[in-house]
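The values are calculated or read from the model by the stated rules, or taken from the named source; none is laboratory data. Bear in mind the structure is a predicted one, so any value in this text is a computation, not a measurement. Note that each Cβ is placed from the backbone with ideal geometry, even for glycine, and that neighbours are counted across all protein chains shown. Keep in mind that these areas ignore ligands, DNA and RNA; they rest on the heavy atoms of the full protein, side chains included. Shrake-Rupley method; radii C 1.70, N 1.55, O 1.52, S 1.80 Å.
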Amino acid sequence: MTPTTRELTVKALARVEGEGRLDVTVRDGRADRVDLAIYEPPRFFESFLRGRHYLEPPDITSRICGICPVAYQVSACNALEQACGIEVTDAVLDLRRLLYCGEWIASHVLHIYFLHAPDFLGFPDSIALARRDRAAVERGLALKKAGNAILDLIGGRAIHPVNVRVGGFHRAPTRNELAPLAEQLRAALGHAIATVDWVSTFDFPDIELDHDLLALHHESRYAIEDGDIVSTNGLQCGPEDFPRHVIEHQVPHSTALHAELDGRRYLTGPLARYSLNSAQLTGAAAAAATANLGAQCRNPYRSIVVRAVEVVYAVEEALRLIDHYQRPPRSFTDGPPVHAVGHGVSEAPRGLLYHRYELDPDSLIRTATIIPPTSQNQAAIEHDLRAAVDAHLTLPDEELAVLCERIIRNYDPCISCATHFLTLTIDRR
């Protein structure tokens, strides 16, 4: 190997959910190519759905991901309820939001404590972190348990819930059944606030992103389970207009589609949600102020702080929903199947998740389209990796690989939806 030619391979990216590969080519002292390659075969879920009954997508699409199955169920329900003209009752919508809070808590805490925090504290993994700071890891486990308890009680089980259906739920819990959950969440709120205090002390590189930010917005609450689509570039539209603005395309180095927002790269996820909706965080705003987040946050390393603030919000919101809960007379609303098209969106922990279904006259699904947040973020991640490689070309290969992995973890990619392994290869010429 000559001094100007270097090859670096990282065969496994630790603490990221899934698999992928990163190829970097450096020419004339600059990063010429930075490809986040998704090489696993397509999973064909959209094809599996063709010909299935219109009530089946919530159960089928929840199997796409074991970390954010509720997001897939809710986006599917929103799309099919729009297609069939189903008006879900407020009580059932509140129960759906409560279930989604459980997923946000469980998913965010998993990322904060067990995937992302070791990057800031100099530990290789959460096991090493536990040896040094057992109390912190136990705090994370207690919070994760509280999120799982919501999923288990309302969804029927913590992983791949089975109680969600188009129009509502197969069964709604009683107030008495929710009472122990409230006790657990009151204890979890202290842990959530302590988490914000903890991550706020981390050392963050001074970086600001200039990507367009895309998220849902609701006029009366922090958008989670539904809302209008808004962006920092002034876009505001309903879910049915999502395909007019977000266009997917194939890239040679990946089996996952990339997406552009009106021809530009963009970012969805916690930074986008917070920057577009921070005024609606209500009680959690105090936690955000304590963390010095400001009204917007465009520093990808501080995404761990935004997630921690969203955990505070989700715990508070879950307690509010439980306190006001009255068991609905009917746990779901029926609607006649129709020959129509429906669009649905919701805010998965990692960003906006879009579903579209076309139903034929026999109530069967003719076509299905699912666009997960990780696919939407790939172009922005590659852009940030390219900038980092250019700025740190003097680093030894091992340190540069660690930096690239850390940058990817800033976005908490739900790689089971799009990628499953990272091999980093740097070709310096």
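Being without any contact (Cβ under 8 Å) to a residue 60 or more places away in the chain and crowded, with 18+ Cβ neighbours inside 10 Å is the filter; apply it to the stretch 289-325 and report the residue that is farthest from F202 (Cα to Cα). It would help to see each step written out before you state the result.
Here is the first cut: in the stretch 289-325, the residues without any contact (Cβ under 8 Å) to a residue 60 or more places away in the chain are 289, 293-297, 306, 320.
If we keep only those that are crowded, with 18+ Cβ neighbours inside 10 Å too, we end up with 293, 297, 306.
On the way: L293: 13, C297: 16, V306: 13 Å.
Selected residue: C297.
Filter the stretch 368-391 down to the residues that are in a helix (DSSP H, G or I) and open to solvent by 30 Å² or more (accessible area, probe 1.4 Å), then identify the one that is nearest to D210 (Cα to Cα).
The qualifying residue nearest to D210 (Cα to Cα) is H383.
Among the residues of the stretch 161-171, is any farther than 26 Å from T374 by Cβ and hydrophobic (A, V, I, L, M, F, W, C)?
Yes, some residue in the stretch 161-171 is farther than 26 Å from T374 by Cβ and hydrophobic (A, V, I, L, M, F, W, C).
In the set I207, I193, which member is assigned by the TED database to the domain that holds V305 and part of a loop (DSSP other than H, G, I, E, B)?
I207
Determine whether N148 is open to solvent by 40 Å² or more (accessible area, probe 1.4 Å), part of a helix (DSSP H, G or I) and touching a residue at least 24 places away in the same chain (Cβ under 8 Å).
For N148, the condition - open to solvent by 40 Å² or more (accessible area, probe 1.4 Å), part of a helix (DSSP H, G or I) and touching a residue at least 24 places away in the same chain (Cβ under 8 Å) - is met.
What number goes with the only condition from (1) surrounded by 24 or more Cβ atoms within 10 Å (Cβ to Cβ); (2) in contact with a strand residue (DSSP E or B) (Cβ under 6 Å, 6 or more places away or on another chain) that I105 does not pass?
Of everything listed in (1) surrounded by 24 or more Cβ atoms within 10 Å (Cβ to Cβ); (2) in contact with a strand residue (DSSP E or B) (Cβ under 6 Å, 6 or more places away or on another chain), I105 misses just condition (2).
Checking R244 against (1) touching a strand residue (DSSP E or B) at 6+ places or on another chain (Cβ under 7 Å); (2) of a type in the set (K, R); (3) open to solvent by 10 Å² or more (accessible area, probe 1.4 Å), which test does it fail?
(1)
Among S47, S75, which is the only one that is at pLDDT 80 or above, open to solvent by less than 10 Å² (accessible area, probe 1.4 Å) and among the hydroxyl-bearing types (S, T, Y)?
Values: S47 fails: open to solvent by less than 10 Å² (accessible area, probe 1.4 Å).
On inspection, the qualifying residue turns out to be S75.
Given the conditions (1) assigned to a helix (DSSP H, G or I); (2) open to solvent by 20 Å² or more (accessible area, probe 1.4 Å), report the number of the one that F123 does not fulfil.
Among (1) assigned to a helix (DSSP H, G or I); (2) open to solvent by 20 Å² or more (accessible area, probe 1.4 Å), the lone unmet condition for F123 is (1).
Answer yes or no as to whether E317 is in a helix (DSSP H, G or I) and either of a type in the set (A, V, I, L, M, F, W, C) or within 14 Å of W104 (Cα to Cα) (or both).
Against the criterion (in a helix (DSSP H, G or I) and either of a type in the set (A, V, I, L, M, F, W, C) or within 14 Å of W104 (Cα to Cα) (or both)), E317 qualifies.
Consider N233 against the criteria (1) open to solvent by 30 Å² or more (accessible area, probe 1.4 Å); (2) under 21 Å from the mean Cα position of the chain (by Cα): it satisfies all of them except one. Which criterion is unmet?
In the conditions (1) open to solvent by 30 Å² or more (accessible area, probe 1.4 Å); (2) under 21 Å from the mean Cα position of the chain (by Cα), N233 misses (2) alone.
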